[in-house]
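Novice: Before anything else, here's the structure in question.
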Amino acid sequence: MLKPESAEVIVVGGGLAGLSAAIYLGRAKRPTLVIDAGKSMARWEPDVQNYLGFPKGISGTKLIERARKQARLYGVRFRRDQISWARVRKDRFSLRGSQTFYTCRRLLLATGIFHLPPEIPGVKACLGHSLFFCKDCDGYRLQGQRIAIYGWTGEAVEYALAMLVYSDQVVIVTDGRVRRWSAQSARWIREYQIPVYQEPVKRLRRKGSQILALEFENGRNLPLEALFTTRGDIYFNDLAKHLGAKVNANGEVVVDLEMQTTVRGLYAAGCVTPANCQMIIAAGQGAVAAQAINRDLFRKSLATHSLRRFRRRRQLRHRKQRAPVVV
């Protein structure tokens, strides 16, 4: 049997939340291991324009690369692996990867989510270029453009209304689905005269990664420059549920103000929690979780008197000063 790989803290997930936490933990001298399956949503973002400190923008891939390099400066280790299950016994977590086992004292889940793209052939090539998921991230760059919101719930209506700040050419496309928004949402659609296209979408016309138009089954064409999807998200919460952590109706892992779940010693940060799914918010949550983990382990070391190991080296001592010589 393979010997488990051990760390004081393990972070599952190598996106902005996990990497931010790793940097803080590494600087706190906590032996930290990041287990990353390479599925961060940041890789879908070719031009992040709203991350603090990058006025000219930066790709999500480049942001991840910089953060990994920064974490390595503080001794953080990385493993590419997919964790299939986890358990906790006597204040210690065990994890099973595809090839080996891992153990740790504290565990941070930064496993993230998956945004469901529209079920339209060829649309994935447009991700991050003319197909978007977040109005707060990408609305600003689309000012004055022809924008469609793909969806059939109240969220689609909310997106359409919010995008009016940036463009007066906004429509909703339900792709043949039954509309599931409220009477109030219907009144807003009428008040703001937002067109709703209910016909099924037949195909997408694009040039490279740029959407040109949607073609409906009835033969109509809708010229477009940008498409937002509100089809929903998949939360990667299996590990949290296996460990007994509470998950809400949406699938988000429930955390307190220190990002601790309902399981002692288990933390979660980033888009898998109820936070607004923004890169900078995820990074902030990772920092909060790391500091909480460090405080927790520090208090544990005081309670068990384990800080004594740091007193092995000779410490500075006060020397008795001689009286001054009077001449």
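The values are calculated or read from the model by the stated rules, or taken from the named source; none is laboratory data. Computed from a predicted model, the values in this text were never measured in an experiment. Note: ideal-geometry Cβ built from the backbone for every residue, glycine included; neighbour counts use all protein chains shown.
Novice: What residue, of Arg231, Arg264, Arg220, is crowded, with 18+ Cβ neighbours inside 10 Å, in contact (Cβ under 8 Å) with a residue 12 or more places away in the chain and of a type in the set (Lys, Arg)?
Specialist: Arg231
Per-residue answers, yes or no, for (1) in contact with a Pro (Cβ under 6 Å, 6 or more places away or on another chain); (2) closer than 21 Å to Gln49 by Cβ; (3) polar (S, T, N, Q); (4) touching a residue at least 12 places away in the same chain (Cβ under 8 Å):
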{"position": "Arg77", "(1), (2), (3), (4)": "no, no, no, yes"}
{"position": "Ser94", "(1), (2), (3), (4)": "no, no, yes, yes"}
{"position": "Leu127", "(1), (2), (3), (4)": "no, yes, no, yes"}
{"position": "Gln143", "(1), (2), (3), (4)": "no, yes, yes, yes"}
{"position": "Val157", "(1), (2), (3), (4)": "no, no, no, yes"}
{"position": "Leu164", "(1), (2), (3), (4)": "no, yes, no, yes"}
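Novice: Among residues belonging to the range 267-277 that are under 12 Å from Ala17 (Cα atoms) and in contact (Cβ under 8 Å) with a residue 40 or more places away in the chain, point out the one that is surrounded by the fewest Cβ atoms within 10 Å (Cβ to Cβ).
Specialist: As a first pass, look at the range 267-277 and keep what is under 12 Å from Ala17 (Cα atoms): 267-273, 275, 277.
When the remaining residues are screened for being in contact (Cβ under 8 Å) with a residue 40 or more places away in the chain, the result is 267-272, 277.
On the way: Tyr267: 30, Ala268: 31, Ala269: 34, Gly270: 33, Cys271: 29, Val272: 30, Cys277: 21.
The selected residue is Cys277.
Novice: Name the residue that is surrounded by the fewest Cβ atoms within 10 Å (Cβ to Cβ), counting only residues in the range 1-43 that are within 17 Å of the chain's Cα centre (by Cα) and in a loop (DSSP other than H, G, I, E, B).
Specialist: Of everything passing the filter in the range 1-43, Gly38 is surrounded by the fewest Cβ atoms within 10 Å (Cβ to Cβ).
Novice: Can you name the number of the only condition in (1) among the aliphatic types (A, V, I, L, M); (2) closer than 19 Å to Glu119 by Cβ; (3) touching a helix residue (DSSP H, G or I) at 6+ places or on another chain (Cβ under 8 Å) that Ile194 fails?
Specialist: (2)
Novice: How many residues does the range 169-184 hold that are more than 23 Å from Gln145 (Cβ to Cβ) and surrounded by fewer than 19 Cβ atoms within 10 Å (Cβ to Cβ)?
Specialist: 8
Novice: Under the condition of being in a helix (DSSP H, G or I) and among the basic types (Lys, Arg), which residue from the range 281-327 is modelled with the highest pLDDT? So that I can check it myself, show each step before the final result.
Specialist: Initially, the range 281-327 is screened for residues in a helix (DSSP H, G or I), giving 281-303, 306-311.
Those still in the list that are among the basic types (Lys, Arg) too: 295, 299-300, 308-309, 311.
Details: Arg295: 97, Arg299: 93, Lys300: 90, Arg308: 70, Arg309: 69, Arg311: 67.
This residue is Arg295.
Novice: Name the residue, out of Phe133, Phe101, that is buried (at least 19 other Cβ atoms within 10 Å of the Cβ) and either aromatic (Phe, Trp, Tyr) or in contact (Cβ under 8 Å) with a residue 60 or more places away in the chain (or both).
Specialist: None of the other options fit; the residue is Phe133.
Novice: Residues in the range 44-93 that are within 20 Å of the chain's Cα centre (by Cα), over 17 Å from Val9 (Cβ atoms) and in a loop (DSSP other than H, G, I, E, B): how many?
Specialist: Within the range 44-93, residues that are within 20 Å of the chain's Cα centre (by Cα), over 17 Å from Val9 (Cβ atoms) and in a loop (DSSP other than H, G, I, E, B) number 13.
Novice: Among the residues of the range 198-221, is any among the hydroxyl-bearing types (Ser, Thr, Tyr) and not in a loop (DSSP other than H, G, I, E, B)? Show your work before the answer.
Specialist: Just the residues of the range 198-221 that are among the hydroxyl-bearing types (Ser, Thr, Tyr), to begin with: 209.
Then drop every residue that is not not in a loop (DSSP other than H, G, I, E, B), which leaves none.
No, because not a single residue in the range 198-221 is among the hydroxyl-bearing types (Ser, Thr, Tyr) and not in a loop (DSSP other than H, G, I, E, B).
Novice: Take the residues of the range 6-64 that are at pLDDT below 95 and among the aromatic types (Phe, Trp, Tyr): which is nearest to Phe93 (Cα to Cα)?
Specialist: Checked the range 6-64; the qualifying residue nearest to Phe93 (Cα to Cα) is Trp44.
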